[in-house]
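Here, each number is a calculation from the coordinates, and none is a lab measurement. As the structure is a computational prediction, the values presented were derived from the model and not from experiment. All Cβ positions, glycine included, derive from the backbone under ideal geometry; neighbour counts span all protein chains shown.
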Amino acid sequence: MCGIAGYVLARGRADQETVERMCDQIRYRGPDDSGYYVNGRCALGMRRLSIIDLAGGHQPIPNEDQTLWVVYNGEVYNYQELHQDLAGRGHQFTTHSDTETLLHLHEEEGIGGLPRLRGMFAYALWDSRREELLLVRDRFGKKPLYYAHLPNGLFFGSEIKTLRAAGIPLPTDPEALKLYFLLGYIPEPYSAYQTVRKLDPGSWLLYRADGSVTRGRYWNMPEPESREQAGFSPGDTCQRLRQTFDEAVRMRLIADVPLGAFLSGGIDSSLVVASMARQSPDPVKTFSIGFEESEYNELKYAASLARRYGTDHRELMVRPDSVSLVEKLVYHFDEPFADSAAIPTYLVSEFAAQHVKVALSGDGGDELFAGYTRFQAIEGLLFMDRVPSFLRAGLAALAGWLPFSAYGKNYLHMLSRSGPMDRYIENNFSNYYLRKQLLQPEWMLPADYGFLMKMLPDAFLPATSDPVSQAQYFETAVNLPGAMLPKVDRMSMAASLEVRCPLLDRDLAELAASIPNSWKMRGGQGKYILLKALGDTLPPELLTREKMGFGVPLDHWFRGALREMLHDHLTGSRFLERGIVSPPFVRHILEEHRSERRNHADWLWSLLMLEMWYRQEESPVPATLAC
């Protein structure tokens, strides 16, 4: 696991000082080693967190005649199989690293070899003969890769701060920032800056000597199956699921350093730990955190699983210095990011990093196996498609007439929407009336299927597809790379910890997509087929508990430890004079939250993150935040 950075100039010579400065910004991503290649117009750099082939995995790595050079962030889990195949074709290896395997695969098969890679990765490969730079990102976007294509060249890095260190101009992108108020993050390919874009998951970019760029995609998530297929049986599917799941976990146990797992007490992380325990000769190291507020504390469920498998279990009751922690989060994300689950993700990463260098997590199960309750809500509201349009218009009028303080106002507006995907987006991402009251008119974007299809054309299936399949695809194509995976990557790498996600294995994901939705959701329960296949590996109390998010008691903190910080930022002239929000309404929701009339913690958090990001843009960032 590493951080990478570099650039290719349209003309002139690259210098090592610039690429070193870029990599110094992400030292925490790779504190064990650094390396650089500078030749002619090209400069490549990396910071390494040593996981496999500790002595021989130094980067950048060249091919035999040193015409190809690669810097690489991630893990290719099937590299040993690929290594054996490529060695049989005559390739000579000088290391036992997955990095060199990737390099020789490109030498042999070029871009056509990308589908053979099974893992998480972002890499840059320089071909000195053709003077071409290739950028590649893994299927789900587990590893980040930002780039800036400018008249003077192409610059890239694992984080935006590497590009800032190279002197890239970074004017903010108002249109991308407007998407933040819809989704709580800025989705691919956009960033908070006009000059910076994110390389899409499952895609590649080729920068040529003449300054031109070609993009391509080597993998798309298959459309989730909506109907039962001939030849499929629940029994056979459960057997395949169990085998593929255990194989995905086993492949991620390969490491030359101490390895453990996050154990939240939820279904997905518990399934991963159970599989690890069945396949590991030694007790699995597991890590859990809890909060004093009982509604946010899952420690008892994590402890139950740990007892069943005799794991080497450690838990921590968190009483964080919340003010300094919030500043750290803003620093590491580089752009506004509203998922407060970043807090426990950082805390558990920091806790685990005291004992291991690699941790497995349960991320991806809800997206692939329809675990979110919002998938079930789609089916529950399909009856609205039979409601005449004039009645839906009446609901919209009623919603508009009700005062903001009326509970159900946004719900009525959601019901008035014209189709299942419009309702899904409105119900889960928009909060129309709150946005309408909160934002100045020029910051208000429509939250409908048609608008988002124009902004994010690769995020949706055809309109004729099954609604639940469409929602699963949107979650996988947009929310995973935009929210879930950046949260895990930034927070774990801030603690110099590698996190691996077995549930986002290529083979497991493709198998999940082939399973009909009716086998994933049954009787009001998501992940039905996953639990049918693997549920016997869990304690019974985990199978019957209500689903909890991996959250923090923000509602309490905003009335306590974070109250002063929140009010200073959201009622200060710097924020209110930016022309983004309505000052009276900001004060209104602050008062509603303080008085416990309503819980506005999520929206207050998103505003706080936005303002703190603006302030970091305007002032130098303390170097201590990177520690």
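Things to note:
- Cβ-derived FRET efficiency at R0 35 Å, residue 437 paired with residue 544, nearest 0.05: 0.30
- The stretch 554-626 shape via C-alpha gyration tensor axes, a/c threshold 1.5: oblate
- Chain lengthening between residue 387 and residue 92 when straightened (0.36 nm per residue, less Cα-Cα): 99.5 nm
- Fewest-first sequence of 493, 46, 453 by Cβ atoms within 10 Å of each Cβ: 453, 493, 46
- Percentage relative contact order, the chain, counting C-alpha pairs under 8 Å, at least six apart: 16 percent
- Each of the peptides 413-422, 358-367 was scored by the mean count of other Cβ atoms within 10 Å over its residues; in descending order, highest first, they stand as 358-367, 413-422.
- Cα shape, the stretch 406-449, gyration tensor, a/c 1.5 rule: oblate
- Semi-axes of the equivalent ellipsoid of the stretch 284-327 are 24, 13, 6 Å, computed as sqrt(5λ) over the eigenvalues of the C-alpha gyration tensor in descending order.
- Area projected by the alpha carbon convex hull of the chain, averaged over all directions, nm²: 27.8 nm²
- Burial ranking of peptide ranges 246-258, 173-185, 269-281 (average Cβ count within 10 Å, highest at the top): 269-281, 173-185, 246-258
- Within the stretch 2-217, the percentage of alpha carbon pairs spaced more than 31 angstrom apart rounds to 15%.
- Whole-Å distance, taken between Cα centres, linking the stretch 405-441 and the stretch 114-158: 38 Å
- Difference of contour (0.36 nm per residue) and Cα-Cα distance, residue 418 to residue 66: 120.8 nm
- Stretching residue 317 away from residue 379 to a fully extended chain increases their span by 18.4 nm, per 0.36 nm per residue minus the current alpha-carbon distance.
- Pair residue 223, residue 402: separation of 7 Å Cα→Cβ label points (nm): 3.6 nm
- Proxy reagent accessibility, fewest Cβ within 10 Å first, across 521, 317, 22: 317, 521, 22
- A Förster distance of 45 Å, applied to the separation of the beta-carbon atoms of residue 616 and residue 518, puts the FRET efficiency at 0.40.
- The residues 592, 426, when put in order of fewest to most other Cβ atoms within 10 Å, stand as 592, 426.
- Take the Cα of residue 278, step 7 Å toward its Cβ, do the same at residue 20, and the gap between the two points is 5.2 nm.
- Rounded, prolate or oblate (a/c below 1.5 giving rounded, otherwise prolate when a/b exceeds b/c) for the stretch 122-164 by Cα gyration tensor: oblate
- Annotation: Cα Rg of the stretch 224-549 relative to the compact-globule expectation 2.2 N^0.38 Å equals 1.07.
- Of the residues 313, 71, 397, the one whose Cα sits farthest towards the positive end of the charge dipole of the chain is 397 (charges of +1 on Lys and Arg Cβ, -1 on Asp and Glu Cβ, taken about the Cα centre).
- Peptide packing: for 99-111, 232-244, 151-163, the average count of neighbouring Cβ atoms within 10 Å per residue gives the ranking 151-163, 99-111, 232-244, highest mean first.
- The stretch 210-365, Cα convex hull volume normalised per residue, Å³: 222 Å³
- Across the stretch 133-209, Cα-Cα pairs farther apart than 18 Å form 41% of the total.
- With R₀ set to 25 Å, the beta-carbon distance separating residue 33 from residue 215 gives a calculated FRET efficiency near 0.20.
- Listed pairs 409/436; 409/520; 161/198; 198/487 exceeding 21 Å between Cα atoms: 409/520
- Other residues lying with their Cβ under 14 Å from the Cβ of residue 208 contribute a combined charge of +1, Lys and Arg counting +1, Asp and Glu -1.
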